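Okay, structure first, notes after.
The values are calculated or read from the model by the stated rules, or taken from the named source; none is laboratory data. Here the structure is a predicted model, which is why all the values come from computation and not from measurement. Cβ placement follows ideal geometry from the backbone for every residue including glycine, while neighbour counts extend to all protein chains displayed. Just the protein is used for accessible areas: all its heavy atoms, side chains included, with ligands, DNA and RNA removed. Shrake-Rupley method; radii C 1.70, N 1.55, O 1.52, S 1.80 Å.
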Amino acid sequence: MACYFRRTIASKLSKILGAPEETLLAAVSAFPVSKKQQSPDFRLSVSSLVEKGLIQSAGDIQAQTEQLAHQLKWSSVVEEIGVGPAVIHFKINKTLLAKKLLHQISSEGSDFGVKSELFKRSPKGETIVEFSSPNIAKKFHAGHLRSTIIGNFIANLKEALGNNVTRINYLGDWGMQFGLLGAGFKLFGSEEKLKANPLQHLFDVYVQVNKEAKSNEDIQKSAQDFFRRLEGGDDQALSLWQHFRHISIEEYKKVYKRLGVHFGEYSGESMYQGKIQDILQQLREQGLLKTTQRGTGVVDLSPEKDMSLCTTVVRSDGTSLYITRDLTAAIDRKHRYNFAEMIYVTDKSQQNHFEQTFKILEAMGFQWAQCCRHVPFGLVQGMKTRKGDVVFLEDVLDEARARMLQNMRNSRTTKVLENPEDTAEKVGISALIVQDFKGPLLSDYRFDWDRVLQSQGDTGVFLQYTHARLRSLLRMCDDGEEETFDPSLLQDKRAISILQHLLRYDEVLHQSSVDLQPKHLVNFLLALGRLVAVAHRDLPVKDSPSAVAQARLQLFRSTCTVLASGMKILGITPVEKM
Ligand code: ARG
């Protein structure tokens, strides 16, 4: 359903300007709520009309704004029209605002916002989101955690907006590390330990063999030998590799489940090992593959084709590189999924890598390379657990849960819970997510458990607390009766502020869908939480006359719906009680 008010304003404009309503919708936006003054509800950017050529750019823009405002007449919907610098402000009838908006939220439920007219023209189609992608036997570091939660957010958002999303985990499951692991397992491995704690054991073996190999040439040799056998398709080597890979994935799945993350496909670099000859052949036929004096194979990406910007795609001994496998993987995915868009989520150190990958694909004539997008993020410093530096995702989640549980025990307001560990886990994870999503993804940040888990302020704990409070209010007062209410009883400025803020939800989702930055949504929800805190304190339900209580309940019910759907898109599971 379209926003009734945005459409009303756009339709009036359309009559005056003679342009289709659809194109005008984007120029009308809800006004951000401010603490200091009563704000108008909508604004129209006249400069954006000029940009779109809907108003002639000749002439004084302010005079044009005044003139347009004059032509737009007041009505029973729009009660006041004002003029600012190249903008027109609209105040709408507040009873109508409460009525229409709350009605829409209650009938659309979790579809509210995502089914907005703002998304009418955004492409719907097969979307691939590749994220998390840890390396077997190596550390699962903070960067992998970031990739996991950011990728999950993007996938959730795209899915909510109606795309068919496939989540791919592209594991680092090939390379010399398996040579070392294969050799190392013979020396230091134990089937028993592998069963008991697979990731830990593989990591320990890897660390140990790495260390020994530095001073022991025999180990180096046997690692190389093992990897050669692996590449040559030796059954025994392959079966050990397969075993390591399999149990690692099973372990990862358990931890992803705690995060509420799932994948449609676990692939990895190994899948493309055997297919690189095809791509090299193709590059050769297209005249894109050049051999250097050192014997490496490169693709020349320089504009002048003077070899000033070369990307190596094959080593002098004929083996493939990270980028070769990525090129092959992208082409393979296009064949299998025929995606309309593919998004990769990794830290910013790989920006160059993806730029080159996309450029080479384009040079090969794959137009769809333009539909590939890399979402880079910054580094997290200082993420430590009681065990020290982060080695496993599980440890981060355990730490978040333990610390949160402690905080809950120390807090006087904590409710009696059926499963406090489970609640602590969900709240702890939401704290990690909110901390990570507040700023631009590209910024680095310093990690601090105490700040992350604060119950007040801009944290995931605060969001969860807001949700739990609303749910408890609804449990206590909601009699499940029909949701009729008198909207004229929601004219208090605290109620109006919430309504005005809710008007922005689809715009915020739209922003996030364009730049794939979760900060718009997170900050919207945090601001909603602050407005709810005030309303909760000043607009009681319980001891108010029944009609007032009913109206307020409807406001809180709708607010809770929007809060919960926004949290779910972020990858947060809202808790009922805490
Ligand atoms: N495994 C890689 C790493 O840990 C990330 C893989 C990213 N995806 C890709 N298609 N290259 O750095």
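Starting from residues that are closer than 30 Å to ASN163 by Cα and assigned to a loop (DSSP other than H, G, I, E, B), keep the ones in the range 342-390 and report whichever is nearest to the ligand (Cβ to nearest atom).
If we filter the range 342-390 for residues that are closer than 30 Å to ASN163 by Cα, which is where we start, we get 342-379.
With assigned to a loop (DSSP other than H, G, I, E, B) added as a condition, the list becomes 364-366, 378-379.
Values: MET364: 17, GLY365: 21, PHE366: 16, GLY378: 15, LEU379: 13 Å.
The extreme case among them is LEU379.
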Considering residues that are within 16 Å of the ligand (Cβ to nearest atom) and either under 30 Å from ASN156 (Cβ atoms) or modelled with pLDDT of 95 or more (or both), the number found within the range 262-310 is 10
Name the residues in the range 179-197 that are more than 23 Å from ASP234 (Cβ to Cβ) and in contact with a helix residue (DSSP H, G or I) (Cβ under 6 Å, 6 or more places away or on another chain), would you? LYS193
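Could you please give the count of residues in the range 30-49 that are open to solvent by 30 Å² or more (accessible area, probe 1.4 Å) and either touching a Cys at 6+ places or on another chain (Cβ under 8 Å) or in contact (Cβ under 8 Å) with a residue 12 or more places away in the chain (or both)?
The initial filter retains those residues of the range 30-49 that are open to solvent by 30 Å² or more (accessible area, probe 1.4 Å), namely 31-38, 43, 45, 47.
Filter once more, keeping what is either touching a Cys at 6+ places or on another chain (Cβ under 8 Å) or in contact (Cβ under 8 Å) with a residue 12 or more places away in the chain (or both): 31-33, 38, 43, 45, 47.
Number satisfying all stated conditions: 7.
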Please give the number of the condition GLY388 fails out of (1) touching a residue at least 24 places away in the same chain (Cβ under 8 Å); (2) at positive phi. (1)
Answer yes if at least one residue in the range 437-445 is among the aromatic types (Phe, Trp, Tyr), open to solvent by less than 10 Å² (accessible area, probe 1.4 Å) and out of contact with any strand residue (DSSP E or B) (no Cβ under 9 Å at 6 or more places or on another chain), and no otherwise. yes
Any pair with Cβ under 6 angstrom, 6 or more apart, that starts in the range 510-523 at a residue that is on the phi > 0 side of the Ramachandran plot and ends at one that is surrounded by 21 or more Cβ atoms within 10 Å (Cβ to Cβ) and at pLDDT 95 or above: LEU516/ILE154; LEU516/VAL375
Taking VAL541 and the conditions (1) open to solvent by less than 40 Å² (accessible area, probe 1.4 Å); (2) within 15 Å of the chain's Cα centre (by Cα), which numbered condition does it fall short on, given that it satisfies the others? (2)
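What helices (runs of 4 or more DSSP H) lie completely within the range 130-216 and have 1 or more residues being touching a His at 6+ places or on another chain (Cβ under 6 Å) and more than 15 Å from the ligand (Cβ to nearest atom)? Steps first, please.
Details: elements: 142-160, 176-188, 191-196, 198-215.
Qualifying helices (runs of 4 or more DSSP H): 191-196.
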Residues (away from the ligand (no atom under 16 Å from the Cβ), assigned to a helix (DSSP H, G or I) and not hydrophobic (A, V, I, L, M, F, W, C)) located in the range 246-261: HIS246, GLU250, GLU251, LYS253, LYS254, LYS257, ARG258
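Given the criteria outside any helix (DSSP H, G or I), more than 12 Å from the ligand (Cβ to nearest atom) and at pLDDT 95 or above, does VAL114 qualify? Walk me through it before giving the result.
Numbers: outside any helix (DSSP H, G or I): yes; more than 12 Å from the ligand (Cβ to nearest atom): yes; at pLDDT 95 or above: yes.
Yes; evaluated as a whole, the condition is true for this residue.
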Filter the range 290-305 down to residues that are of a type outside the set (S, T, N, Q), out of contact with any Lys or Arg (no Cβ under 8 Å at 6 or more places or on another chain) and within 17 Å of THR324 (Cβ to Cβ), then give me how many there are. 3
Among ARG333, ARG284, which is open to solvent by 40 Å² or more (accessible area, probe 1.4 Å), part of a helix (DSSP H, G or I) and not polar (S, T, N, Q)? ARG284
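Looking only at the range 427-447, decide whether some residue is under 30 Å from SER472 (Cα atoms), more than 24 Å from the chain's Cα centre (by Cα) and basic (Lys, Arg).
no
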Residue check, THR95 against (1) at pLDDT 95 or above; (2) closer than 30 Å to HIS243 by Cβ, all met but one. Which one? (2)
Go through (1) within 16 Å of the ligand (Cβ to nearest atom); (2) at pLDDT below 95; (3) touching a Ser or Thr at 6+ places or on another chain (Cβ under 7 Å) one by one and return the number of the condition ARG315 breaks. (1)
Of the numbered conditions (1) open to solvent by 60 Å² or more (accessible area, probe 1.4 Å); (2) part of a strand (DSSP E or B); (3) among the small types (Gly, Ala, Ser), SER57 satisfies every one except a single condition; which is it? (2)
Please give the helices (runs of 4 or more DSSP H) falling wholly within the range 460-574 in which 3 or more residues are farther than 30 Å from LEU441 by Cα. 460-477, 493-502, 519-538, 546-570
In the range 391-414, is there at least one residue being open to solvent by less than 50 Å² (accessible area, probe 1.4 Å), assigned to a loop (DSSP other than H, G, I, E, B) and of a type in the set (Phe, Trp, Tyr)? yes
